Amino acid sequence: MGLALVASTGLDNQRMVLDDGFIRRFVVRQIATGCPAVNNCTGASFSIQGLVQWRGALRAAQRSAVISPLATQLRLVWTEQLAAVRTVPIQRIVSPFGHGFGILVAREGNPANGSFYVQGESVSFRLTYKDGAGNRIHPVGSLPTFQSTFDRTDPSGLQYWTGAYTNNTLYYALKHREALSVALLQGPLDKLKTSKAVVDPFTFFLPQIPVTNPSIDGYSAVFQTVPSPAILFTPAAWSAPIPDLLTFTIPTDALPGTYQFVTKARRLFAGEPVNATTAITLQVGTAAVTAHVPTTGTCNTCHTQASSLGKILHGTNDRSTCYGCHVALQTEPDTALDIRVHQVHGRSRRFDANIRNCSQCHLTTPSGPARGILP
């Protein structure tokens, strides 16, 4: 079963095969509405959703090709449905922005003592989103409003989370498109580990969301969404200005060491989706630097800069940035880091090792169950 992508000029029927790939995921769901009782769908209405995901990243460098400037559409040919014609028109845009995406973070101000921040002290970070050429895609001081990104009138292509407004039963299958923009403050780096915490969604409306603390995991982590939930969940506020400056308060129980400010975002511009993550460090409680000590050691065997796996889905190759964000939610417990990593690798054709052999990735044998692995 395979796919081919064809660019057509629409003039002389000349075509160029751009790629041929393999099916990574094929999901079909039948939905029944109006069932009078559990296990009784008499008189119900039925609908079917199908999703085919095509990934050709195993040999991306060999598969890439230039689309002719004369091309007017793309056609997708699937060996299992040769009679079905799927075409997408090519729309060329004129924009001051280019492809690519990156985030620049600058810490505003310095700690009061000139050396390190202390418990209860505030620290601010300014976000600058840029295209691949380094051009800023928003004015200094503000980000595009949620309304302008939601109705796609903002020309920058920046995206925010719209999960609450997406009626899509294929949500989990398309979760890599979620576009949740967040900022995280976590540390000390030498204490980071997979969290045991479970986050209450009702805390999302606090000025900063508490993720974990030293009494639970031995380190602190707090985060904010961009924009805030007060805007995300209030349609009347969708046109409210969104500042590019985020302020965190160092937790009152924060341990001394090196902390990390991490932010991630997603841009979809002219058909190119790009995720980006940026992290910078700061000192809390001490000027002495502490470093993250990984518990896995063979990731770079596959995740090399020369391959398409050089950066993971959030656009980063820094594993230390994952801990404070990937904590279980009461409404979504599988966001925990160990569950998510096992799910991704256990279901991927690109990971051809034995997922149950812990030594493939772990430097020491982990304690407890290997969560997220299929039975």
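The values are calculated or read from the model by the stated rules, or taken from the named source; none is laboratory data. As the structure is a prediction and not an experimental result, all values here were calculated from the model. Cβ atoms come from the backbone with ideal geometry, glycine included; neighbour counts cover every protein chain shown.
Residues in region 141-156: is at least one surrounded by fewer than 17 Cβ atoms within 10 Å (Cβ to Cβ) and of a type in the set (Asp, Glu)? Checked region 141-156: at least one residue is surrounded by fewer than 17 Cβ atoms within 10 Å (Cβ to Cβ) and of a type in the set (Asp, Glu). Residues in region 311-327 that are surrounded by fewer than 18 Cβ atoms within 10 Å (Cβ to Cβ) and either touching a Pro at 6+ places or on another chain (Cβ under 9 Å) or outside any loop (DSSP other than H, G, I, E, B) (or both): none.
Here is a yes/no grid of residues against (1) within 18 Å of residue 332 (Cβ to Cβ); (2) at pLDDT below 95:
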| residue | (1), (2) |
| --- | --- |
| 162 | yes, yes |
| 197 | yes, no |
| 217 | no, no |
| 225 | yes, no |
| 243 | no, no |
| 247 | no, no |
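Evaluated against (1) outside any loop (DSSP other than H, G, I, E, B); (2) touching a helix residue (DSSP H, G or I) at 6+ places or on another chain (Cβ under 9 Å); (3) within 26 Å of residue 261 (Cβ to Cβ), residue 343 falls short on exactly one condition, (3).
Every condition in (1) surrounded by 15 or more Cβ atoms within 10 Å (Cβ to Cβ); (2) of a type in the set (S, T, N, Q); (3) in contact with a Phe, Trp or Tyr (Cβ under 7 Å, 6 or more places away or on another chain) is met by residue 135 except one, and the failing one is (1). When 359, 348 are checked against the criterion of being of a type in the set (S, T, N, Q) and part of a loop (DSSP other than H, G, I, E, B), 348 stands alone in meeting it. Identification of strands (runs of 3 or more DSSP E) wholly contained in region 86-152 with 3 or more residues that are in contact (Cβ under 8 Å) with a residue 12 or more places away in the chain and within 26 Å of residue 68 (Cα to Cα) yields 86-89.
For region 267-275, the criterion of being small (Gly, Ala, Ser) and modelled with pLDDT of 95 or more is met by no residue.
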